[in-house]
1. With 101, 49, 110 as the choices, which residue is farther than 15 Å from residue 36 by Cα, in a loop (DSSP other than H, G, I, E, B) and either within 12 Å of the chain's Cα centre (by Cα) or at pLDDT below 90 (or both)?
2. With the requirement that a residue be in a loop (DSSP other than H, G, I, E, B) and either modelled with pLDDT of 90 or more or under 11 Å from the mean Cα position of the chain (by Cα) (or both), what does segment 53-80 give you?
3. Among the residues of segment 30-39, is there at least one that is more than 21 Å from residue 12 (Cα to Cα) and surrounded by fewer than 18 Cβ atoms within 10 Å (Cβ to Cβ)?
4. Do you know which residues across segment 11-42 are in contact (Cβ under 8 Å) with a residue 40 or more places away in the chain and more than 21 Å from residue 85 (Cα to Cα)?
């Protein structure tokens, strides 16, 4: 069994494409910038009215890959797995892991635990 170790790769001070600093808005022509409504590349998304994406010091999706343990190696996030497995949350502007648990009604849960008395 392997143990997940957090990635300690240092933050990149500037976007490698548009040179935006950490916390600064990407250039309109930057192909690293994401659409905050979809999580996909913003380039060519001129009609989108979502807020503009800022450089965080990490490649888009890298922080979520580290959080979910989806790393191919140190400093190598599995972005393909992220894009095909996770779901973009437009309210929080981040990827969320897949949910395998199904919601069950209170009746189903109560029927499975007959020791509960009224």
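1. Values: 49 fails: farther than 15 Å from residue 36 by Cα; 110 fails: in a loop (DSSP other than H, G, I, E, B).
Result of the check over 101, 49, 110: 101.
2. First pass over segment 53-80, keeping only residues in a loop (DSSP other than H, G, I, E, B): 53, 55-61, 69-70, 74-75, 78.
53, 55, 56, 57, 58, 59, 60, 61, 69, 70, 78, listed by residue number.
3. yes
4. 11, 12, 13, 14, 15
The values are calculated or read from the model by the stated rules, or taken from the named source; none is laboratory data. Note that this is a predicted model, so its numbers are computed, not measured. Methodologically, a virtual Cβ is constructed for each residue, glycine included, from the backbone with ideal geometry; neighbour enumeration extends over all protein chains shown.
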